[in-house]
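Notes for the one structure printed next.
The values are calculated or read from the model by the stated rules, or taken from the named source; none is laboratory data. The structure displayed is predicted, hence computed values, not measured ones. Here the Cβ positions follow ideal geometry from the backbone for every residue, glycine too, while neighbour counts run over all protein chains shown. These accessible areas exclude ligands, DNA and RNA; they are computed on the full protein's heavy atoms, side chains included. Shrake-Rupley method; radii C 1.70, N 1.55, O 1.52, S 1.80 Å.
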Amino acid sequence: MVALLLSVGLLLGAYVLVYYNLVKAPPCRGIASLRGRTAVVTGANSGIGKMTALELARRGARVVLACRSRERGEAAAFDLRQESGNNEVIFMALDLASLASVRAFATAFLSSEPRLDILIHNAGISSCGRTRESFNLLLRVNHIGPFLLTHLLLPRLKTCAPSRVVVVSSAAHRRGRLDFTRLDCPVVGWRQELRAYADSKLANVLFARELATQLEGTGITCYAAHPGPVNSELFLRHVPGWLRPLLRPVAWLVLRAPRGGAQTPLYCALQEGIEPLSGRYFANCHVEEVPPAARDDRAAHRLWEASKRLAGLGPGEGAESDEDPQPEDPYSPSSPHPEEPTASELYPSPQSSPDLSKVMRRILVKAEPELQTS
């Protein structure tokens, strides 16, 4: 009996250590009030995105839930209005697998919303499921769609500066290795899916890095955020049905709740004083060093140019454009951006002169190894 009690005590002690060191997320403090500001959160009808939107709404922001499913998006907006007491939570349709849908969202948003202060790219997929597209669906949803959306909304972000862009990435980026000769090739089989997912998360980190460089001096700062190991729909969505009952208790014990997973994206969106760290990768509400492949400036720029081509961006739609574009009707017969095949039910989804803060950011980005956190 004594040995049994001792074993149970050791197991509980080990779990407490694991929980407080690996599972429990540090809370985000940040800006207390967001009244008068507008935020867009993609994939906000469930999981991390919904908890992120809830916290923004509680702080008084006008929150746009950009989701694929109208039914689930409107239901989430209703829930968040009830729970936050903030009636300025609305749904707008966005399917990141379709570039035409991204453009339609941007058109609708720019015509109806005068402000954009925070853009959080939360939506993503981890598998192609049974869908077989003629392009890399994982890269399209996790990177190319957010890349295009960011570019189309940049003029509004600039007029509302200081503003922020947060890209939800993953520790899986450490396994990513971008092959620019096969960047948009279709993904078939679970091995290719695992590789493509890691590559898309690496693309997120490089995108945030290059976007920060492109927008230096504009008042827009950009961050890649790792939510940590989270017990969300994304974790179990593609697990075989017979295995889910076995994994759910384990997931509940060793993975974060979605509210915990939302803390680092919220930190990047709200924390004051991190502007010099624009372009960096954050985990557990701290800046973290990334592997060489994720801080390769040449690869980041090459990805930028490749992403512009894959997103169908025209010459006047780059980050350097200061004009507020009027995105054309994506469903017009004359549109040069025809509708692409959409995924099946996979996811819900004036230049200033150099100053001290700019110089500090350059120094901090180049000296990443010296800023590694535990």
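When we screen Leu277, Leu266 for residues that are in contact with a Lys or Arg (Cβ under 8 Å, 6 or more places away or on another chain), open to solvent by less than 60 Å² (accessible area, probe 1.4 Å) and modelled with pLDDT of 95 or more, the only hit is Leu277.
Going through (1) within 19 Å of Ser101 (Cα to Cα); (2) more than 13 Å from the chain's Cα centre (by Cα) one by one, His143 falls short only on (2). Are there any pairs, at least 6 apart or on different chains, whose C-beta atoms fall under 8 Å, with the first in the stretch 47-60 and under 17 Å from Asp117 (Cβ atoms) and open to solvent by 10 Å² or more (accessible area, probe 1.4 Å) and the second modelled with pLDDT under 95 and not small (Gly, Ala, Ser), and if so, which? Qualifying pairs under 8 Å: Glu55/Cys28; Arg59/Ile31.
Scanning the stretch 33-46 for residues being surrounded by fewer than 24 Cβ atoms within 10 Å (Cβ to Cβ) and either in contact with a Leu (Cβ under 6 Å, 6 or more places away or on another chain) or over 14 Å from Phe91 (Cβ atoms) (or both) gives a total of 6. State whether the residues of the stretch 177-193 include one that is open to solvent by less than 40 Å² (accessible area, probe 1.4 Å), part of a helix (DSSP H, G or I) and at pLDDT below 95. Looking through the stretch 177-193, at least one residue is open to solvent by less than 40 Å² (accessible area, probe 1.4 Å), part of a helix (DSSP H, G or I) and at pLDDT below 95.
Return the residue satisfying two criteria in turn: it lies in the stretch 158-173 and is over 13 Å from Leu206 (Cβ atoms) and in a helix (DSSP H, G or I), and of such residues it is least open to solvent (accessible area, probe 1.4 Å).
Within the stretch 158-173, the match that is least open to solvent (accessible area, probe 1.4 Å) is Ala172.
Considering (1) under 12 Å from Asn45 (Cα atoms); (2) of a type in the set (S, T, N, Q); (3) open to solvent by 40 Å² or more (accessible area, probe 1.4 Å), the lone condition that Ser69 does not fulfil carries the number (3).
Checking each residue in the stretch 290-336 for being farther than 24 Å from Gly219 by Cα and either at pLDDT below 50 or acidic (Asp, Glu) (or both) picks out Glu328, Asp329, Pro330, Tyr331, Ser332, Pro333, Ser334, Ser335, Pro336.
Scanning the stretch 102-129 for residues that are farther than 20 Å from Ile48 by Cβ, open to solvent by less than 10 Å² (accessible area, probe 1.4 Å) and of a type in the set (A, V, I, L, M) yields Val102, Ala106, Leu116. Scanning the stretch 103-148 for residues that are farther than 18 Å from Asp184 by Cα and of a type in the set (A, V, I, L, M, F, W, C) yields Ala104, Phe105, Ala106, Ala108, Phe109, Leu110, Leu116, Ile118, Leu119, Ile120, Ala123. Taken residue by residue, the stretch 221-244 has no member that is part of a loop (DSSP other than H, G, I, E, B), within 28 Å of Pro276 (Cβ to Cβ), modelled with pLDDT of 90 or more and open to solvent by 20 Å² or more (accessible area, probe 1.4 Å). Can you find a residue that is under 23 Å from Val287 (Cα atoms) and open to solvent by 10 Å² or more (accessible area, probe 1.4 Å) anywhere in the stretch 130-151? No; the residues of the stretch 130-151 include none that is under 23 Å from Val287 (Cα atoms) and open to solvent by 10 Å² or more (accessible area, probe 1.4 Å).
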